[in-house]
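This report concerns only the one structure given below.
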Amino acid sequence: MGTALVYHEDMTATRLLWDDPECEIERPERLTAALDRLRKCGLEQRCLRLSAREASEEELGLVHSPEYVSLVRETQVLGKEELQALSGQFDAIYFHPSTFHCARLAVGAALQLLDAVLTGEVQNGLALVRPPGHHSQRAAASGFCVFNNVAIAAAHAKQKHGLHRILIVDWDVHHGQGTQYLFEDDPSVLYFSWHRYEHGRFWPFLRESDADAVGRGQGLGFTVNLPWNQVGMGNADYVAAFLHLLLPLAFEFDPELVLVSAGFDSAIGDPEGQMQATPECFAHLTQLLQVLAGGRVCAVLEGGYHLESLAESVCMTVQTLLGDPAPPLSGPMVPCQSALESIQSVCAAQAPHWKSLQLQDVTPVQTSPSTHSSEGRPPPLLPGGPVCKTAASALSSLFDQPCLHPAPPVCPAVALTAPDITLVLPPDVTQQEGSALNEETEAWAKPHESLAQDEALTALGKLLYLLDGMLDGQVSSGIVATPPSAAAATLDVAIQRGLSHGAQRLLCVALGQLDRPPDLVHDGRILWLNIRGKEAAALSMFQVSTPLPVLTGGFLSCILGLVLPLAYGFQPELVLVALGPAHGLQGPHAALLTSMLRGPAGGRVLALLEEDSTPQLAGILARVLHGEAPPSLGPYSVASPEDTQALRYLRGQLEPQWKMLQCRPHLEA
Ligand code: X5A
Ligand code: ZN
């Protein structure tokens, strides 16, 4: 469907004409640096290029007062002294004779992107604009922002396209107070912002940037502020905020469109933000948002003042919008205490308004071991288990090793079996199929009775072929169908083959009746997660089983609250998703799970399904592996008490080892 890139070089015209240390960082090179890098990486060429138009005054009037629009219009004819005097009436603002033109192009760019997405011309896109928008208010410029580009786009989406639910994700490091004010009583716009706050000691120094500002009137609960009270927030903190806070709310809200106030001053190196998240993190944030709203994501540039960091983060965002898998995240995936405190305070403030947050305990976790054996369950094997200790230390040393392969730049999804799915096979992979591999396949099959039959052997041959392609970095993902009787054995061989190929971290997500192969190593190289209708159990930190939740809400909290935190903590080189006998998963659910597992694995996901699954299921999985958005799950239903209980139990068991599961700070015992 494609990705739009909206830009106009006139937007480089506005610039600071006098000395002002606060404003000098907002300069034309921000746009040229981003665009140059997109060209160098070959990303611009893959996008649909749209030239920005100027927004009309009527469009500006969707959120701004006529008096304010006139005031900005009149700056066009002012001299330097007058411009400077007027600028001084606002907080962190400079006007230039070209400001009105640039700011109208910035709004126009956002509107063109929106129209292209909502008419189906493209799936998603990015508008590269100056000046930024999210601090701008009904009758005031603020923080380098003149007109509120994203807010006007949201108002236009409601008015001209009849949309009812729009999610605005503001990942800029500053609080978009302008956007907040414009929609604070409007339940059709859910505004989420995280921002450097430092208990109110960071610009714009507002009380209403804190977690307890949740909107008002009809809009109660539709403003979500996540204040960062320390600098240095990194990849783990950002991903945790998405998994434990934003995404549960977003799925419950069920937006028709996602607008991103895409400021990159929240990335490492930025002088304003002082945060630590690497550019790759924005690929992950983007990918996490692409599962919403049928993938309709419009990103509009806000801040970002370190040119290198900005350019790289913009590339990561565009690459992900284009459907490429996100590169692996660097650094330990352990959210810091301050981040957990912030996330927790938002959960507490928002819980009255959101069912999806009521599932989470709002009290901090006690670290004393006594709390772990509560809820009338058998005491866990985890904390003191001898196997786990070695495995846990094995795990930490494994993280020091480099990844098996860098993520391939382009990612063909490969479907080898169902005839009615488009096959996307690199030529050298197709040609050799079934030739030299036969003997080897037979050798791998030998120990398994269920792999003796011809059709099982053929499926195994395809699987091994595909797996080698993935491990060698030729293809990034794939699908294989197996005869139902051979699913467990095929999965076993896949794991063994992965290990013998040198894989250090392999995540197995087994759905339905698939047992962990009995003679599998327990050295931390395999994380085995079985989702089926049995009791929740964590036999070790690398062997977890949980019932398949019955309702959509339960399924979502299982993915967001368990599967993905484990996967992001483990950072697998490869994920095997196996839909075994009686897996009970509906197509959209299977697609969402598969799609989201691409994130932590650099896109290397191999899906195994039964031959008698519907061709629709194979097709839908092939498409999400190729980077398409999964279909919507439909209206939100709250998780059943049993599913909530199971999830809570597992989190209690596993949190001490898998820190990405945490969504509240730990009190010292
Ligand atoms: C869009 C943006 C920042 C203003 C900072 C003023 N504005 N100190 O990042
Ligand atoms: Zn900013």
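Quick notes
- Per the listing Arg46, Arg73, the residue uniquely touching a strand residue (DSSP E or B) at 6+ places or on another chain (Cβ under 8 Å) and modelled with pLDDT of 95 or more is Arg46.
- Scan of region 1-24 for residues that are among the charged types (D, E, K, R) and touching a Cys at 6+ places or on another chain (Cβ under 7 Å), ordered by number: Asp10
- Note on region 546-579: residues that are more than 19 Å from Gly603 (Cα to Cα), at pLDDT 95 or above and of a type in the set (S, T, N, Q) amount to 2.
- Filtered residues of region 291-308 (kept if away from ligand 2 (no atom under 16 Å from the Cβ) and assigned to a strand (DSSP E or B)): Val297, Cys298
- Top-ranked residue in region 10-43 [being free of Cβ contacts under 8 Å to residues at least 12 places away in the same chain and more than 16 Å from ligand 1 (Cβ to nearest atom); ranked as most open to solvent (accessible area, probe 1.4 Å)]: Lys40
- Within region 206-290, helices (runs of 4 or more DSSP H) holding 3 or more residues that are away from ligand 2 (no atom under 16 Å from the Cβ), closer than 19 Å to Ser345 by Cβ and of a type in the set (Gly, Ala, Ser): 235-241
- Residue check, Ser65 under 29 Å from Gln159 (Cα atoms) and within 15 Å of ligand 1 (Cβ to nearest atom): no
- All conditions but one from (1) within 21 Å of Phe147 (Cα to Cα); (2) open to solvent by 50 Å² or more (accessible area, probe 1.4 Å); (3) within 25 Å of the chain's Cα centre (by Cα) apply to Val6; the one that does not is (2).
- Residues of region 276-301 that are farther than 20 Å from Pro325 by Cα and within 16 Å of ligand 1 (Cβ to nearest atom): Val300, Leu301.
- Where Lys160 falls short, out of the listed (1) open to solvent by 10 Å² or more (accessible area, probe 1.4 Å); (2) farther than 23 Å from Ser70 by Cβ; (3) within 16 Å of ligand 2 (Cβ to nearest atom); (4) of a type outside the set (Val, Ile, Thr): (3)
- The single condition from (1) within 16 Å of ligand 1 (Cβ to nearest atom); (2) touching a Phe, Trp or Tyr at 6+ places or on another chain (Cβ under 7 Å) that Leu190 fails is (1).
- Selection of region 302-325 for residues being charged (D, E, K, R), open to solvent by less than 10 Å² (accessible area, probe 1.4 Å) and more than 16 Å from ligand 1 (Cβ to nearest atom) yields only Asp324.
- Among (1) more than 16 Å from ligand 1 (Cβ to nearest atom); (2) surrounded by fewer than 24 Cβ atoms within 10 Å (Cβ to Cβ), the one test that Ile166 misses: (2)
- Annotation: of all residues in region 538-555 being more than 17 Å from Leu527 (Cβ to Cβ) and out of contact with any Pro (no Cβ under 7 Å at 6 or more places or on another chain), the one that is most open to solvent (accessible area, probe 1.4 Å) is Val550.
- Filtered by the rule that a residue be more than 17 Å from Ala567 (Cα to Cα) and either of a type in the set (Ser, Thr, Tyr) or surrounded by fewer than 22 Cβ atoms within 10 Å (Cβ to Cβ) (or both), region 494-515 gives Gln496, Arg497, Leu499, Ser500, His501, Gly502, Gly512, Gln513, Asp515.
- Where Glu610 falls short, out of the listed (1) surrounded by 17 or more Cβ atoms within 10 Å (Cβ to Cβ); (2) in contact (Cβ under 8 Å) with a residue 40 or more places away in the chain; (3) within 24 Å of the chain's Cα centre (by Cα): (3)
- Scanning region 538-590 for residues that are under 14 Å from Arg505 (Cα atoms) and free of Cβ contacts under 8 Å to residues at least 40 places away in the same chain yields one hit, Gln543.
- Count - residues of region 88-146 that are assigned to a loop (DSSP other than H, G, I, E, B) and either open to solvent by 10 Å² or more (accessible area, probe 1.4 Å) or within 16 Å of ligand 2 (Cβ to nearest atom) (or both): 28
- Flag if Val475 is open to solvent by less than 10 Å² (accessible area, probe 1.4 Å) and under 28 Å from Phe555 (Cβ atoms): no
- Scanning region 617-645 for residues being part of a helix (DSSP H, G or I), out of contact with any strand residue (DSSP E or B) (no Cβ under 7 Å at 6 or more places or on another chain) and surrounded by fewer than 23 Cβ atoms within 10 Å (Cβ to Cβ) gives a total of 7.
- All of (1) open to solvent by less than 20 Å² (accessible area, probe 1.4 Å); (2) farther than 19 Å from Ala456 by Cα; (3) part of a helix (DSSP H, G or I) hold for Val575 with one exception: (3).
- Cross-chain or 6+ apart pairs with Cβ under 6 Å, region 252-267 first and over 28 Å from Pro635 (Cα atoms), then of a type in the set (A, V, I, L, M, F, W, C) and away from ligand 2 (no atom under 13 Å from the Cβ): Ala267/Ala277
- Qualifying residue in region 196-208 (condition: open to solvent by less than 10 Å² (accessible area, probe 1.4 Å) and modelled with pLDDT of 95 or more): no
- When region 149-170 is filtered for residues that are outside any helix (DSSP H, G or I) and out of contact with any Lys or Arg (no Cβ under 9 Å at 6 or more places or on another chain), the ones remaining, listed by number, are Gly162, Leu163, Arg165, Leu167, Ile168, Val169, Asp170.
- Hey, Gly599 out of contact with any Cys (no Cβ under 7 Å at 6 or more places or on another chain), at pLDDT below 95 and open to solvent by less than 40 Å² (accessible area, probe 1.4 Å) or not: no
- If you filter region 169-187 down to residues that are more than 16 Å from ligand 1 (Cβ to nearest atom) and open to solvent by 20 Å² or more (accessible area, probe 1.4 Å), you find that the one that is nearest to Thr278 (Cα to Cα) is Glu184.
- Breaking point among (1) at negative phi; (2) within 16 Å of ligand 1 (Cβ to nearest atom), for Phe251: (2)
The values are calculated or read from the model by the stated rules, or taken from the named source; none is laboratory data. All figures in this text were calculated on a predicted structure; none of them were measured in a lab. FYI the Cβ positions are ideal-geometry reconstructions off the backbone, even for glycines, and counts take in every protein chain you see. Remember, those area values only see protein heavy atoms, side chains included, never the ligands or the DNA or RNA. Shrake-Rupley method; radii C 1.70, N 1.55, O 1.52, S 1.80 Å.
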